[in-house]
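Taking it in order: structure first as structure tokens, then the write-up.
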Amino acid sequence: MITETEPRRPAALAQHRRKPTYRIQPTKGWAGINVGEIWRYRDLLWVLVQRDLKLLYEQTALGAIWIVAQPLVAAVILGVVFGRVAKLPSDGPPYLLFVFCGVIVRTGKYQAICGGN
């Protein structure tokens, strides 16, 4: 059983119920990257990146090795097809390195557009 020791006063209740009001408004135009804020919350950013990578490669047999193996395998296949079979020139650098650079750029664009799905 709860009992009150002193009577309630309306003024005290009104003051007690007042809470600060915060107004969040969007910025106008493009918002710049706040590097200081990113640096302050770098631990949170690191945890979120780790979580995403673990979830993305958790069910693959090779795990995180697949990040490097996937473009490398694609480069080897394309290097054999276009370098050995079609005999296309690379104009100087080794053909596998030439193709690997192209595969990295293509994979980056594809994952940026499709969201990695």
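Readers should treat all values here as calculations from the given coordinates under stated rules, not as data from a laboratory. Since the model is a prediction, treat every value here as computed from it, not as a measurement. We place every Cβ from the backbone using ideal geometry, glycine too, and count neighbours over all the protein chains shown.
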Selection from the range 57-106 of residues more than 27 Å from the chain's Cα centre (by Cα) and on the phi > 0 side of the Ramachandran plot yields LYS87, ASP91, GLY92
What about THR107, is it surrounded by 13 or more Cβ atoms within 10 Å (Cβ to Cβ) and either part of a helix (DSSP H, G or I) or acidic (Asp, Glu) (or both)? yes
Report the residue count in the range 25-48 for those that are in a helix (DSSP H, G or I), among the aromatic types (Phe, Trp, Tyr) and surrounded by 10 or more Cβ atoms within 10 Å (Cβ to Cβ). 1
